[in-house]
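The values are calculated or read from the model by the stated rules, or taken from the named source; none is laboratory data. Since the model is a prediction, treat every value here as computed from it, not as a measurement. Cβ placement follows ideal geometry from the backbone for every residue including glycine, while neighbour counts extend to all protein chains displayed. Areas reflect the complete protein model, heavy atoms only, side chains present, ligands, DNA and RNA absent. Shrake-Rupley method; radii C 1.70, N 1.55, O 1.52, S 1.80 Å.
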Amino acid sequence: LKYEYGLKQTIKNTQLAQKMTQQAVYIYNNLRTHFSLDLRKPTEVHLNPNIKYKSYRKNNANLPELTI
């Protein structure tokens with residue numbers, strides 16, 4: 001996210017940094033397509049369990065589901 005959305009630059013205050021980060025995460029998850037998801041968006045794949053995608057996870061550890 002730092003390089004793709006300009007978050008590596010010095011940001012003048014914390015409030016602006018938080019807003020820029022929220023916007024970058026929204027774009028990354030809802031608007032940007034991903035090759036590993038067959039050019040689908042992460043939100044689209046997350047909401048449809050029938051869509052297959054390539055996982056880059058190196059182990060089969062059962063990780064707890066994240067809640068926001």
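Can you name every residue in the range 1-31 that is surrounded by 14 or more Cβ atoms within 10 Å (Cβ to Cβ), part of a loop (DSSP other than H, G, I, E, B) and not aliphatic (A, V, I, L, M)?
Tyr5, the sole residue that qualifies.
For a quick check of your reading of the model, give me the residue pairs whose first member lies in the range 7-22 and is without any contact (Cβ under 8 Å) to a residue 60 or more places away in the chain, whose second is of a type in the set (Ser, Thr, Tyr) and assigned to a helix (DSSP H, G or I), with beta-carbon atoms closer than 8 Å and at least 6 apart or on different chains.
Leu7/Thr21
Which residues, taken from the range 32-41, are in a helix (DSSP H, G or I) and open to solvent by less than 100 Å² (accessible area, probe 1.4 Å)?
Passing the criteria: Ser36, Leu37.
In this structure, does Ile51 turn out to be modelled with pLDDT of 80 or more and assigned to a loop (DSSP other than H, G, I, E, B)?
Details: modelled with pLDDT of 80 or more: yes; assigned to a loop (DSSP other than H, G, I, E, B): yes.
Judged against the criteria, Ile51 is a match.
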